[in-house]
1. With respect to the numbered conditions (1) at pLDDT below 95; (2) surrounded by 17 or more Cβ atoms within 10 Å (Cβ to Cβ), which one is the sole condition not fulfilled by Tyr167?
2. Which one of these does Leu138 not meet: (1) modelled with pLDDT under 90; (2) surrounded by 14 or more Cβ atoms within 10 Å (Cβ to Cβ); (3) not in a loop (DSSP other than H, G, I, E, B)?
3. Which residue, of Val724, Val732, Val720, Val698, is in a helix (DSSP H, G or I) and closer than 20 Å to Ala572 by Cα?
4. Among the residues of the range 50-58, are any under 22 Å from Lys89 (Cα atoms) and not aromatic (Phe, Trp, Tyr)?
5. Residue check: is Ser704 outside the structural domain of Gly143 (by TED's automatic domain parsing) and closer than 20 Å to Val515 by Cα?
6. Only one of these is over 24 Å from Leu273 (Cα atoms), without any contact (Cβ under 8 Å) to a residue 24 or more places away in the chain, of a type in the set (A, V, I, L, M, F, W, C) and out of contact with any strand residue (DSSP E or B) (no Cβ under 7 Å at 6 or more places or on another chain): Ala309, Ala289, Ala337, Ala365. Name it.
7. Being within 20 Å of Tyr654 (Cβ to Cβ) and in contact (Cβ under 8 Å) with a residue 60 or more places away in the chain is the filter here, so list the residues in the range 686-703 that pass it.
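The values are calculated or read from the model by the stated rules, or taken from the named source; none is laboratory data. Quick caveat: nothing in here was measured; it's all calculated off a predicted structure. Here the Cβ is made from the backbone with ideal geometry for all residues, glycine too, and neighbour counts use every protein chain on show.
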Amino acid sequence: MINVKFYLDKADKSKRFPIHLVIRQKDVQVKVATGEKIFQKDWDGKNQVVKDSEYRHKSINKFLSFLKQEVEKYFDSVPHSNFTDKKVKEKILALVNSRKENTDVKIVCEDAAEYIGKEKVKFLDLFAGAGGFSEGFLQAEYGDKYYDFLLGSDINENCELTHLARYNYQLGLDAEFLCQDITEPDFLDNLLKKLKGEQVDVVCGGPPCQSFSLAGKRKKFDKKDDLFAHYLTVIRTLRPKYFVMENVKGILTKEGGKIKDMILQEIKSIVDLKEFNQLLMFLARLRKAEKEKIFTLDCYNLRLQFESANEKELEKLKETYIQIIENKFRVLTPKIADYKTSKTDININTIRHGFNLLKRSKELAYVRKKVILEKAHSDLDNDFFAEKFDDFLTSIEANSIIDKVNEAFKNLKPSKQYQGEVAEIISALEIYNYSFDECIEGLKPFVIKAKVNNEFQEILSHIRLYNIDQPFVALASNYGVPQNRERVLFIGCRKDQKLVKTVPATVSENEKVTVFEALFDLNFIGNDDEKFDYEKIDLKAQYNGSTEKMKSLIKKRTIDGKPDEKKGLTYAEWSKKGRLNGRFVNAKNPFYVKNSDELENTLTHIVAPLHNHKTSKQNDDVIKRLDVILNTGDYDLAKKELRKIGLDSEKRNYNVLKPDSQSPTVMTIPDDYIHFASPRALTVREMARLQSFDDSFVFQGKRSTGGNKRKFEVPQFTLVGNAVPPLMARAVALEILKNIK
């Protein structure tokens, strides 16, 4: 039986006593200094803890408990014949010294000396989550160019905790984090304050669009559906040279491709405000040439002014626009209806009240947002409430209001001599709700009639701020990620930059990284277990009879997965070494904290070589079930056997990982996957490996959550599952570096 104790050694000159750890186990006795010193009055020898009279008692006791736990686990897992004083002492000292290195005060220098004088390309990461884009961008270098991380943003506190721990505390960057909902009115102001006037070269991010996903139920009026518009508002304001938007594959086919077309249209509708006056002057000249449809042309002119207006100006412009149409209708009303009808008719009232609603677009937008949030909070979906809520939300949208007004005009059946005026009003209302591109399309007949198309096209080439090709599907395994994760990428390029149409694959089909390569060296963990250090893997013992076959799957590669037997490292070695190119010379050792309070007190950090490698506690029946599925190789094929032995499950799906291929898309629920060699779910670290995160990237906070908490909590498994694979992000970042001017 091992005996782990702490005692106070001789006091130093300041009369503080060093705390030592002593281990006694048969013929082994080891004494190691823990690096902590206290006054004798603050030590409780009986309970082996520091008293609360010492202000650091919580952090010291936490560290002592961690040390004791690790030593006991080490003795449990290592054969007694392998024990030596030296090995045990090295194990403890490694943990003590790692912690000491992290708490020592040192001047943080962001980059190694060889980066001085190189060109920094500045980027920010919206909807950052764990930081997959950020991680990949920081790995990318080309020529004398590399990335400088300015800011990350997300709505969740655990995203912020993980960001601060990785980029500020561990790597020593001064990158900011904005923990705020992008839809809030002061988000943009707060973003600009944190940027402190810095010019942003690249914006990346993936507005979450669960309602676009092919994997889940499609919802109307999901609270995440309008985040794209707010993302573009940031782009309009910051005017980056490039921006990247990542999304699920389902966005390409949603509503028959109309959503994709709408996104492209909105991107192409971002105007260069510095050049915008050219278009307004052109329209003024066009108006002089027009003889018949001056009112319609004036409507186009006023609508286009929306593009260059700030929030307050826009509100006023919209109200003015509707007021002009309302005035036109007021003049028309006596011509198409008698006095009594004009006061009581439901159609006349619909038209008038429709104008009232359109003039209150800001108020309706606020109501819409609140109702969508309430719908999400109450989980209204697949019930008798959802449809009514959706009907209401549909009814207050501008296009629905305009449709009702149009229907009311048709019901009035105006005489032929007034149909032209009615048509002008209806056309004006449609123009009010047009996008920039739809306005341009609507102006073409006027342009052709005036024979000024060449001038018009020349002006448009100056006014469109961004060019974009069709979005493309990026397969993560093409970029050295051991996972068949498909994501759609939109890459917008400012008009003074070279168009990026796609991101070339870094590996061919037969060069792809396998699941075995990614995970084989982590398979030293049992049920309800947690490991903080690597252990040697005996492939012969684990794969007796197929050792050589499994070994043949391990290849030496470049960072991005290309096989390179001479200079390369294995995928596992890259994961341990890290892919940040030695840039952060003063980076701290990997550490874990539960919350922001622990983050600020560096003495409470759990510092160790390996983190996030913990398995769930599974009962015997679950282990037997997983074993049957694992041996069968497929859940559907195993169901018959499971029913036969009384271990069938209501669970929708289990994915058995195949060692010689890539994993399916890593999601947020670990129980969906069965390890390729053990009847168990994956750890956070193993899922992170499948996503291509370095082992030094520690996912902070809670490990998992369930039930209703999933709506607002983002624990470690969710952080991993929702992330952009860093190696895929690296490939995107590299392609931009090659083209950016």
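1. Unmet condition: (1).
2. For Leu138, the exception is condition (1).
3. It is Val720.
4. First, pick out the residues of the range 50-58 that are under 22 Å from Lys89 (Cα atoms): none.
Within the range 50-58, not a single residue is under 22 Å from Lys89 (Cα atoms) and not aromatic (Phe, Trp, Tyr).
5. Working: outside the structural domain of Gly143 (by TED's automatic domain parsing): yes; closer than 20 Å to Val515 by Cα: no.
Answer is no for this residue.
6. Working: Ala309 fails: over 24 Å from Leu273 (Cα atoms); Ala289 fails: without any contact (Cβ under 8 Å) to a residue 24 or more places away in the chain; Ala337 fails: without any contact (Cβ under 8 Å) to a residue 24 or more places away in the chain.
Result: Ala365 is the single residue among Ala309, Ala289, Ala337, Ala365 that is over 24 Å from Leu273 (Cα atoms), without any contact (Cβ under 8 Å) to a residue 24 or more places away in the chain, of a type in the set (A, V, I, L, M, F, W, C) and out of contact with any strand residue (DSSP E or B) (no Cβ under 7 Å at 6 or more places or on another chain).
7. Glu686, Arg689, Leu690, Gln691
Results for (1) polar (S, T, N, Q); (2) farther than 26 Å from Glu535 by Cα; (3) in contact with an Asp or Glu (Cβ under 8 Å, 6 or more places away or on another chain); (4) modelled with pLDDT under 90, shown as yes or no for each residue.
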position: Lys13; (1), (2), (3), (4): no, yes, no, yes
position: Glu36; (1), (2), (3), (4): no, yes, no, no
position: Asp42; (1), (2), (3), (4): no, yes, yes, no
position: Gly45; (1), (2), (3), (4): no, yes, no, no
